[in-house]
Amino acid sequence: VVDTGGLVFDDDTEFLPHIREQALAALTEASAAVMIVDGQEGPTEADREIAQWLRQQTVPVLLAVNKCESPDQGLIQAAQFWELGLGEPYPVSGIHGNGTGELLDVLVTHLPPTDGLEAPEETRVAIVGRPNVGKSSLLNAFVGETRAIVSPVSGTTRDAIDMIVERGDQQYRLVDTAGIRKKKNVEYGPEFFGINRSFKAIRRSDVVLLVIDALDGVTEQDQKLAGRIEDDGRACVFVVNKWDAVDKDSHTIYEYDRTLNSKLYFIDWAKRIYVSALTGQRVPKILDLVDQAVSEHRRRVATAVVNEVLEEAVSWHTPPTTRQGRQGRIYYGTQVTTRPPTFALFVNDPKLFGENYRRYIEKQFRQNLGFEGSPIRLLWRGKKMRDLERQSANRATKV
């Protein structure tokens with residue numbers, strides 16, 4: 001389902017021509033279209049212009065008369081719109097849902113049969129970043145045409161725009177989200193709710209493309225976005241855009257890598273790529289990195305391998321000992337889930353393992369197991385050795 005912007009034909013200011021182009025592009029791919037009109041206002045000249053334009057298209061059009069909260073009065077309101085020449089007007093209420101079932105029943109008759117074909121596996125990709133870093137340009141470079149409105153004005157995209165891209169047998173749902181500003185610069189309005197939808201898009205995604213402006217470098221807002229991605233446990237690729245506009249020498253990319261590692265150290269596991277959405281430089285390679293990050297995000301590791309890594313890590317650096325003589329002991333570890341990969345480490349007392357040692361163990365996991373492009377989670381679980389032995393014996397008895 002594609003929700004287009006409001007159509008105005010006699011005004012070429014701001015983004016209205018772009019919205020018309022988007023609406024036409026959506027119609028060329030649609031199996032059916034639904035025109036929404038205001039039942040309380042009645043037919044307007046703008047409605048007549050849109051209806052005339054739709055009659056010239058090849059796609060079947062259904063006419064939904066909104067704001068018909070009363071079933072009886074709604075029939076009277078809808079009858080006014082026969083004059084548009086689009087067939088039977090269907091009274092509906094967007095607030096209460098009245099009439100939407102009947103409209104949907106008619107709509108599905110215009111959809112092509114699926115022939116029982118199984119849809120390709122879908123990878124959900126959220127494109128996030130500050131305003132005007134080139135997110136919509138990047139989306140357009142992926143699909144090869146202008147689908148998101150691209151403008152030099154910051155904050156053009158106020159909603160989350162979904163686009164399907166297929167490559168081989170893999171399908172990607174790309175979501176171009178609203179640019180995310182500092183809270184003090186955001187009023188309670190369309191942009192505020194657009195940002196909330198952007199955060200929801202991050203949570204719903206398999207992988208996040210964090211778009212960074214190569215000219216501005218890593219900002220505080222980029223760091224906060226990276227923190228949100230880490231907190232939500234999403235796979236991530238840093239996409240440094242506008243690379244074509246940077247004055248470069250043989251050392252530039254290495255210096256930029258060091259900057260990323262320094263300012264985004266807490267998410268240094270993310271893959272990265274330097275691109276130009278404007279020229280298309282390296283844009284096709286982004287999906288290769290997406291595939292790799294998603295694969296790592298979903299990967300499982302055998303328990304035996306996990307414990308080999310733990311054994312080697314402990315042999316190189318034993319857990320610390322408290323002043324009272326208590327030393328931490330790691331009994332064993334196992335992977336408990338994926339997306340992100342999460343490991344439970346059973347120890348004698350989690351309090352005996354400080355942050356430094358926990359970071360050391362995580363570093364050993366990354367060095368030995370990889371997971372580049374994906375966060376990992378380590379859960380430190382306290383367990384007495386005799387309880388573990390009892391559980392192991394019970395499992396052996398059951399087998």
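Here, each number is a calculation from the coordinates, and none is a lab measurement. What you see is a predicted model, and the numbers here were worked out from it, not measured in a lab. Counting neighbours? That spans all protein chains shown, and the Cβs are built from the backbone with ideal geometry, glycine included.
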Could you state the number of Å between the C-alpha centres of the range 201-218 and the range 237-303? 10 Å
Which distance in nm do the two modelled labels at Gln327 and Tyr265 give, with both placed 7 Å along the Cα-to-Cβ direction? 3.0 nm
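Past 24 Å, Cα to Cα: identify those pairs from Lys242/Lys363; Lys224/Lys383; Lys242/Lys271, in the order given. Mind showing how you got there, number by number?
Details: Lys242/Lys363 32 Å; Lys224/Lys383 36 Å; Lys242/Lys271 18 Å.
From the list (Lys242/Lys363; Lys224/Lys383; Lys242/Lys271), the Cα-Cα distance tops 24 Å for Lys242/Lys363; Lys224/Lys383.
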Sorted from largest to smallest, which semi-axis lengths in Å does the alpha carbon gyration tensor of the range 16-108 give for its equivalent ellipsoid, taking the root of 5 times each eigenvalue? 22, 15, 12
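How would Cys68, Cys236 line up from fewest to most surrounding beta-carbon atoms within 10 angstrom? Each step should come with its number before you reach the end.
Details: Cys68 26, Cys236 30.
Ordered by Cβ neighbours within 10 Å, fewest first: Cys68, Cys236.
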Computed label-point distance, nm, for sites Asn307 and Asp244 using a 7 Å Cα→Cβ extension: 5.6 nm
What distance in nm separates the simple spin-label points at Ala79 and Val106, each placed 7 Å from Cα in the Cβ direction? 1.6 nm
Given R₀ = 51 Å, what would the calculated FRET efficiency be for Val336 paired with Ile19, taking r from the Cβ atoms and rounding to 0.05? 0.60
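Go ahead and run the numbers for FRET between Glu355 and Ser295, Cβ-Cβ distance against an R0 of 30 Å, rounding to 0.05. Could the numbers behind the result be given before it?
Working: r = 30 Å, r/R0 = 0.99.
Result of the calculation: an efficiency of 0.50.
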